[in-house]
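Presented below is the structure to which this report refers.
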Amino acid sequence: MPNQLITPIVCGGLNETHPANDYIQDLLNNLEHEIRTSSDRDFEFLKAIEFRSQVVAGRNFFIKANVGKEHIHVKIFVPLPINGDKPLLTDIKFGKTETDEITYF
């Protein structure tokens, strides 16, 4: 058997970190009002940097975002398309830095 790196899939576990793409930025943009109103901070902007995801009965996205003077980690639940429900902001962690790893929260 050739030498291969085999990464097991963990059901419900977080996948590896990926650079943010247009879909991830759109998730943030669509929930920007909720993100801003859930904080007493004044964000200069909201730019997705990277993300991890978790497959559940839908998908959780854990997104690192630059908001100006700090970074935040945002958790967004995207339900299965068959349900017809919209993505939902489920949690935010403030006071993060550019180098903080995205972990489950």
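Could you pull out every one of the lysines with an alpha carbon less than 24 Å from that of LYS96, ignoring same-chain neighbours closer than 8 positions? Cross-link targets: LYS47, LYS64, LYS69, LYS75. Helical content alone sets the calculated 222 nm signal of the chain at -3500 deg cm²/dmol, taking -39,500 (n - 2.57) per DSSP H segment of four or more residues and averaging over every residue.
Of all the options ILE35, ILE63, ILE76, the one that moves most in a Gaussian network model of the chain with Cα springs shorter than 10 angstrom is ILE35.
Within the shell defined by Cβ-Cβ distances under 13 Å, the residues around THR103 carry a net charge of 0, with Lys and Arg each +1 and Asp and Glu each -1.
Can you tell me the dipole magnitude for the stretch 18-96 around its Cα centre, using point charges on the Cβ only (Lys, Arg +1; Asp, Glu -1), in Debye to the nearest 20?
On the way: 11 positive and 11 negative charges, 54 e Å.
Charge dipole of the stretch 18-96: 260 debye, to the nearest 20.
Qualifying trypsin sites (Lys or Arg not before Pro) in the stretch 57-105, where qualification requires a DSSP coil assignment and no more than 11 other C-beta atoms within 10 Å, comprise LYS69.
Classification of the chain by its C-alpha gyration tensor yields an oblate form. The axis ratio a/c (a ≥ b ≥ c) is 1.5 or more, and b/c is at least a/b.
Any read-out appearing in this document is the output of simple, stated calculations on the displayed coordinates, not a laboratory observation. Predicted model, so just to flag it, every value in this text is computed and none were measured. Positions of Cβ are generated from backbone atoms using ideal geometry, with glycine treated the same way; all protein chains shown enter the neighbour counts.
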